[in-house]
Amino acid sequence: MKTFTSTLVALSAAALLTTAAFDTRAADFTFSGDITFHNDIVQIDFTLDTAASGVRIWTDSWLSGLNFDPTAALWRGTGSDFALLATVDDDDTVGPGQGYYDAGFHLDTLAAGHYRVTLAAAVNAPVGAWLSQGFAYDGETPIPVALWNQPTYDPNANDQKGSFWRIHLSSVDTASAVPEAGSAWLLLAGIGALCAARGRRNASA
């Protein structure tokens, strides 16, 4: 019986290794950074080439109130916009390292396609079924996170003043951070300036 058990364990391990060797969707991604204001939105795009099971997305940056309480939303790309699939404020059961106010999704099945995850400070939730409709705090004057009393903060501890965020995506094909609008404009302006300078050099030559 002991020999049979050992052989069964060995065969199971071999089967797992074989599955992993042929599983092309075993990519895990981690992104991190800092928000500046209470109404900043972090956006991460990811793709699935084929339908997937067991996709997980989670934050582990709340750190017992050291940083802001995150809320997450999952969207699917539809033409030039993204349709809202789900929102979650607090779920610390998705991945390792999560604290009580961290957020996450454990998706049993997810169709092939282009998706976006948005990360915001709670309770800056989506206001509609489409990403283009924005978020609850969009019209507010930006408040530095370090000076903001987040609705879920503990006034006795003066916590959730940190701006750091981190998000993990497991079992997706590709993932990339979406540049902030301001950063994108700066990048385009820089490229434009370089092109103009090159044009002047060519003309003078």
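The values are calculated or read from the model by the stated rules, or taken from the named source; none is laboratory data. If you're wondering where the values come from, they're calculated on a predicted model, not measured in any experiment. Cβ atoms come from the backbone with ideal geometry, glycine included; neighbour counts cover every protein chain shown.
Quick notes on this structure:
- In segment 66-88, the residue that is nearest to N158 (Cα to Cα) out of those that are outside any strand (DSSP E or B) and touching a Lys or Arg at 6+ places or on another chain (Cβ under 9 Å) is L66.
- Unique match (being in contact with a Pro (Cβ under 9 Å, 6 or more places away or on another chain) and either assigned to a loop (DSSP other than H, G, I, E, B) or in contact (Cβ under 8 Å) with a residue 24 or more places away in the chain (or both)) among T118, T93: T118
- All positions within segment 34-53 that are surrounded by fewer than 16 Cβ atoms within 10 Å (Cβ to Cβ), at pLDDT 95 or above and either assigned to a strand (DSSP E or B) or touching a strand residue (DSSP E or B) at 6+ places or on another chain (Cβ under 8 Å) (or both): D34, T36, T47, A51
- Residue count for segment 91-117, restricted to those that are in contact with a strand residue (DSSP E or B) (Cβ under 8 Å, 6 or more places away or on another chain) and under 14 Å from W58 (Cβ atoms): 14
- Test: residue in segment 159-180 that is more than 19 Å from V88 (Cβ to Cβ), modelled with pLDDT under 95 and not in a strand (DSSP E or B): yes
- Taking residues in segment 67-85 that are modelled with pLDDT of 95 or more, and partners anywhere that are basic (K, R) and assigned to a strand (DSSP E or B), the pairs with Cβ atoms closer than 6 Å and at least 6 places apart or on different chains are W75/R116; F82/R116; A83/R76; L85/R76.
- Of the residues making up segment 113-140, those that are under 18 Å from the mean Cα position of the chain (by Cα) and exposed (fewer than 12 other Cβ atoms within 10 Å of the Cβ) number 1.
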